[in-house]
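Inspection log for the structure reproduced underneath, given as structure tokens.
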Amino acid sequence: MTSRVEETGSTFDESHDPESEPANGGKRVRRLDRVVIRFAGDSGDGMQLTGDRFTSETAGFGNDLSTLPNFPAEIRAPAGTLPGVSSFQLHFADHDILTPGDAPDVLVAMNPAALKANLADLPRGAEIIVNTDEFTKRALAKVGWQADPLDDGTLAEYRVHPVALTTLTVEALKETSLSRKDAERAKNMFALGLLSWMYHRPTEGTETFLRAKFAKKPEIAEANVLAFRTGWNYGETTESFAVSYEVAPAARAFAPGRYRNISGNLALAYGLIAASRQSGLPLFLGSYPITPASDILHELSKHKNFGVRTFQAEDEIAGIGAALGAAFGGALGVTTTSGPGVALKSETIGLAVSLELPLLVVDIQRGGPSTGLPTKTEQADLLQAMFGRNGEAPVPIVAPASPGECFTMALEAARIALAYRTPVFLLSDGYLANGSEPWRVPEVSELPDLRVEFATEPNAPDGSGGFWPYLRDPQTLARPWAVPGTPGLEHRIGGIEKQDGTGNISYDPANHDHMVRTRQAKVDGVSVPDLAVDDPGGDAGLLVLGWGSTFGPIAAGVRRARAAGGRVAQAHLRYLNPFPANLGELLRRYDRVLVPEMNLGQLAMLLRARYLVDARSFTQVSGMPFKAAQLAAVISEALDD
Amino acid sequence: MTEIKATGVTANGALKLTAKDFKSDQEVRWCPGCGDYAILAAVQGFLPELGIPREKIVFISGIGCSSRFPYYLSTYGMHSIHGRAPAIATGLASSRPDLSVWVITGDGDALSIGGNHLIHALRRNVNLKILLFNNRIYGLTKGQYSPTSEPGKITKSTPMGSLDEPFRPLSLALGAEAGFVARTIDSDRQHLTSVLRAAAQHQGTALVEIYQNCNIFNDGAFEVLKDPATRDAALLRLEHGQPYRLTPDGEEIVHDVTDPDPTRAFALSRLTEPTPIGVLRAVARPAYDRQLNAQLDQAVAERGEGDLSALLSGSDTWMVR
Ligand SMILES: Cc1ncc(C[n+]2csc(CCOP(=O)(O)OP(=O)(O)O)c2C)c(N)n1
Ligand code: SF4
Ligand SMILES: [Mg+2]
């Protein structure tokens, strides 16, 4: 395949290298350059775990990859129903890829609901592996199927592999001490074994993982390993699987270095720990559980030996309040949440703006308004982060573009907060949080130096020997950070307007005007890198500009448009407040600007207001990321305009 | 001062501070005659007794007349937002166990908008000393009824009388598993100081309710407890180890602030005639901040200081050359 052009939109059969050769056991091995697999089952079937394991094997093997978990908000929606279906999609390739793939080449369906919920996404010719044991009359009726789709022609366009997954698993485990029910639960490992055989995945990692996961229950561990191996052997021996596939490692796609697979939330947690280390300040997280941010709280709670204090507060207001209190005391204060939590924290963010203390506010966006779609992705909190406070309360905003970038941008958020003594927003979303990709592990020596100097000496310019908490650094406009415990610098700060310099309460109109403008100037003056634009020919008339997690799909869409001859430039914002200094000039360089967003055009509104450019929105708020094909079509339309 | 050391605060024997050392240069701006003045004077008079240097003391308040308090002290201080001081102080005290952290709050601040933070601070038992200035009215917003106003209270927002049952702050605190609960009165300097002393010595969260007169919007709310003609009958002065009766002919009970069972303290907290003042309960319980910091030490002892490079690598890596 023209391997640099990702997802040319062709179907499975056409897009892949048909070269095949006979292999051991009379089975044929076919070489592919990329595959999209979707594991789908009931919430209780362990599909997320199965997907995670396949991802780990794939990452270890050296493919480039991208994942998309998709699960219901309910912990256990009624078994066998459409709302209860949980799925995990994985795209892996021998070249660099940008998205979890538009459509699966292979669907593993553990029950009729999983088949029905995902069938519409499958292109003609896709392979379907179904667990036939679950295709009972009752189970079919639950999803409204009168006839069995496995034999009424519904699946005629697909290549179906019926496998009695449950029966085979129970049969394989009958010598173990497990009850039938427990044995049945290992069927996901059977499926994983089968897929691992099909795609030549290494298996040691999963076996080690299972033994560690069930270390306290060795019988369960061994039963799962046995189910996994039986699935693998089943592929090797059964006639219904005549072909297996090879997807070569994607070494060329990666810069040299040590790699691991990482999800956005994990990268973010590591970024916070790294920021704590690099600044020499203890990390204090104040948080209240909320999907999809809770995993950061969980992860940080594990790392107390890094001096990390995690505080599960009584609500989001207390979470940020405690983080701010810790910041007053000289800690790197962080609060993590999602949109509804940000709404509750607004007043305290305003206080932090007024106190001019460093504070990180991490918003893992989800579908809104209100409770909205807790497990689905959206980027509709941009304007909330930008403006969602009383008064003029500017806050810098950064946004990572990929799971791995959550690490870098956490460090960036800390840099800005510490250098300018301000709260900073980091906007991630459900797609970045749970999705994963290979990530080059940085050397600690490459990480930025974030050390700060606390004030230690009186600074009053009037020679009184006193301390002025709002006497600013002329360069950054940051005020001194004098932490309690420092003799001679005792001072009081608060949310009431204060006189610049002394910090004493002031209701003076001119001072207030000055302070409002000074706080704004401080944020406007935050140094952020210029925006780089990708315009290979240098002659594009159309700029596609995005921010946050849409980077992958936009880049994939741009590649397709270019492959079809389109002259299109791409740029992606990681800094949303302040915008990069060259943004205005860059926008004016292009005839047209297209802004795809998973909201109703929030960035486009800011760009229009700030730069008076006719930025055009393309928006989607379905709770799902954009697809490359969809964006390619929108881009070519814009090119034709 | 040995008890002070036990609260995790460093005592400095050489320190010689006076009330004057705790006065800030800011002009005090409460209404003339406000009970807050007396409380401020009592606190400034008491702080030197702690033997803690000024820089190690932090006062955090919410919003209200009472919450202006930190501006008038020469310690570190934060005047925060309405109701949230206990949460902010929790973060500070948990990450800086070397500090002596005090919270100043009003009846509206602590019990209305900040009710949730107050009860959780109490059950969590962070090392905070919370001084609740109860004037049974919203002072700063000019006289609406508060969660401690008596039923039927006529105010600007309740011209026909308030309808809701008030909180009894000490009952609420005991229900929230508070380890230290006390009540005192703004005008009784000596009693106020003795209660502050007891609170300072307590390890964990201490709640001190201070009856405070708002002479502008709720003048005389505690007059029976203050008037020399009525106060002896109206007050029940609790002393640890001394007997008291819940009713004039009830059984004699020896007051034990350390009683692990909160039942008697709760009965006292419900009592209005007479009104108990003094320490109702002072039961030691491990403080949250200490335990949190002990977990950090334990994690280091068990796993060693965190190794960032090892953390970032994890267990599943591969090389690309
Ligand atoms: C979020 C918010 N809501 C409302 C207010 C207005 N407000 C300020 S103080 C106060 C009540 C104060 O009463 P109390 O806590 O009893 O303090 P006091 O003034 O009586 O000392 C109110 C409602 C505010 N500052 N912030
Ligand atoms: S309004 Fe009441 S509480 Fe407020 S300062 Fe005046 S007298 Fe004191
Ligand atoms: Mg009041």
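The values are calculated or read from the model by the stated rules, or taken from the named source; none is laboratory data. No experiment lies behind these values; they were computed from the predicted model shown. Heads up, the Cβs are rebuilt from the backbone with ideal geometry, glycines too, and the neighbour counts pull from every protein chain shown. Surface areas here come from the heavy atoms of the whole protein model, side chains and all, with no ligands, DNA or RNA. Shrake-Rupley method; radii C 1.70, N 1.55, O 1.52, S 1.80 Å.
Couple of notes before you dig in:
- Elements of type strands (runs of 3 or more DSSP E) contained in segment A:552-641, each with 3 or more residues being open to solvent by less than 50 Å² (accessible area, probe 1.4 Å) and in contact (Cβ under 8 Å) with a residue 40 or more places away in the chain: A:568-573, A:575-577, A:592-597
- With respect to the conditions (1) hydroxyl-bearing (S, T, Y); (2) open to solvent by less than 20 Å² (accessible area, probe 1.4 Å); (3) more than 7 Å from chain B (Cβ to nearest Cβ), A:Y270 falls short on a single one, namely (3).
- Of all residues making up segment A:377-394, the number that are surrounded by 24 or more Cβ atoms within 10 Å (Cβ to Cβ) and either closer than 22 Å to A:L285 by Cα or free of Cβ contacts under 8 Å to residues at least 60 places away in the same chain (or both): 2
- Check on B:R84, over 18 Å from A:P487 (Cα atoms), among the charged types (D, E, K, R) and within 9 Å of chain A (Cβ to nearest Cβ): yes
- Residue selected from segment A:320-347 under the condition small (G, A, S) and free of Cβ contacts under 8 Å to residues at least 40 places away in the same chain, by the criterion nearest to ligand 3 (Cβ to nearest atom): A:G321
- Counting only strands (runs of 3 or more DSSP E) that sit wholly inside segment B:158-257, those with at least 2 residues that are in contact (Cβ under 8 Å) with a residue 60 or more places away in the chain are B:180-185, B:206-211.
- Considered as a group, the residues in segment B:204-230 that are more than 16 Å from ligand 1 (Cβ to nearest atom) and in contact with a strand residue (DSSP E or B) (Cβ under 9 Å, 6 or more places away or on another chain) include one that is farthest from the other protein chains (Cβ to nearest Cβ), and that residue is B:V224.
- Residue in segment B:154-173 that is within 14 Å of chain A (Cβ to nearest Cβ), under 24 Å from B:Q291 (Cα atoms) and more than 12 Å from ligand 1 (Cβ to nearest atom) present: no
- Of the criteria (1) within 29 Å of B:V195 (Cβ to Cβ); (2) within 14 Å of chain A (Cβ to nearest Cβ), which one B:E252 fails: (2)
- Test: A:R260 is within 14 Å of chain B (Cβ to nearest Cβ) and more than 25 Å from A:D42 (Cβ to Cβ): yes
- The residue that is nearest to B:I210 (Cα to Cα), among those in segment B:269-287 that are open to solvent by 50 Å² or more (accessible area, probe 1.4 Å) and touching a residue at least 40 places away in the same chain (Cβ under 8 Å), is B:R270.
- Of all residues in segment A:288-319 being touching a residue at least 60 places away in the same chain (Cβ under 8 Å) and either aromatic (F, W, Y) or crowded, with 23+ Cβ neighbours inside 10 Å (or both), the one that is nearest to the other protein chains (Cβ to nearest Cβ): A:I296
- Failed criterion for B:Y72 (all others in (1) within 16 Å of ligand 2 (Cβ to nearest atom); (2) open to solvent by less than 10 Å² (accessible area, probe 1.4 Å); (3) aromatic (F, W, Y) hold): (2)
- Residue under evaluation A:R252, criteria (1) at pLDDT 90 or above; (2) not in a loop (DSSP other than H, G, I, E, B), criterion not met: (1)
- For B:N125, the criteria (1) of a type outside the set (D, E, K, R); (2) more than 16 Å from ligand 2 (Cβ to nearest atom); (3) open to solvent by less than 10 Å² (accessible area, probe 1.4 Å); (4) within 23 Å of A:R492 (Cα to Cα) hold in every case but one, which is (4).
- Checking every residue in segment B:138-152 against the condition of being at pLDDT 95 or above, within 13 Å of ligand 2 (Cβ to nearest atom) and within 14 Å of another protein chain (Cβ to nearest Cβ) gives at least one match.
Yes/no per residue for (1) within 9 Å of ligand 1 (Cβ to nearest atom); (2) over 17 Å from the mean Cα position of the chain (by Cα); (3) closer than 26 Å to B:V283 by Cβ; (4) crowded, with 24+ Cβ neighbours inside 10 Å:
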position: B:L99; (1), (2), (3), (4): no, no, yes, yes
position: B:S112; (1), (2), (3), (4): yes, no, no, no
position: B:L131; (1), (2), (3), (4): no, no, yes, yes
position: B:I137; (1), (2), (3), (4): yes, yes, no, yes
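- Residues that are open to solvent by 50 Å² or more (accessible area, probe 1.4 Å), hydrophobic (A, V, I, L, M, F, W, C) and within 12 Å of chain B (Cβ to nearest Cβ), drawn from segment A:445-463: none
- Considering segment B:139-149, the residues that are surrounded by 23 or more Cβ atoms within 10 Å (Cβ to Cβ) and under 25 Å from B:V195 (Cβ atoms) include one that is nearest to ligand 1 (Cβ to nearest atom), namely B:G139.
- Taken as a whole, segment A:544-565 holds at least one residue that is in contact with a Ser or Thr (Cβ under 7 Å, 6 or more places away or on another chain) and among the basic types (K, R).
- Residue list for segment A:122-148, filter: of a type in the set (V, I, T) and assigned to a loop (DSSP other than H, G, I, E, B): A:T136, A:V143
- Some residue of segment A:405-413 being open to solvent by 30 Å² or more (accessible area, probe 1.4 Å), touching a strand residue (DSSP E or B) at 6+ places or on another chain (Cβ under 8 Å) and not in a loop (DSSP other than H, G, I, E, B): yes
- Search result, residues across segment B:76-95 that are crowded, with 24+ Cβ neighbours inside 10 Å and in a loop (DSSP other than H, G, I, E, B): B:S80, B:I81, B:G83, B:R84
- Subset of segment A:40-67 [open to solvent by 30 Å² or more (accessible area, probe 1.4 Å) and among the aromatic types (F, W, Y)]: A:F61
- Every residue from segment B:104-141 that is in a strand (DSSP E or B) and more than 15 Å from ligand 3 (Cβ to nearest atom): B:L128, B:K129
- Residue among B:L308, B:L312 that is within 14 Å of chain A (Cβ to nearest Cβ) and in contact with a Leu (Cβ under 9 Å, 6 or more places away or on another chain): B:L308
- Residues that are polar (S, T, N, Q), over 30 Å from A:T208 (Cα atoms) and open to solvent by less than 30 Å² (accessible area, probe 1.4 Å) within segment B:288-321 comprise just one, B:N293.
- Filtering segment A:464-495 to residues that are open to solvent by 20 Å² or more (accessible area, probe 1.4 Å), facing another protein chain (nearest Cβ under 10 Å) and within 38 Å of the chain's Cα centre (by Cα) leaves only A:G495.
- A:F241 of a type in the set (F, W, Y) and not in a helix (DSSP H, G or I): yes
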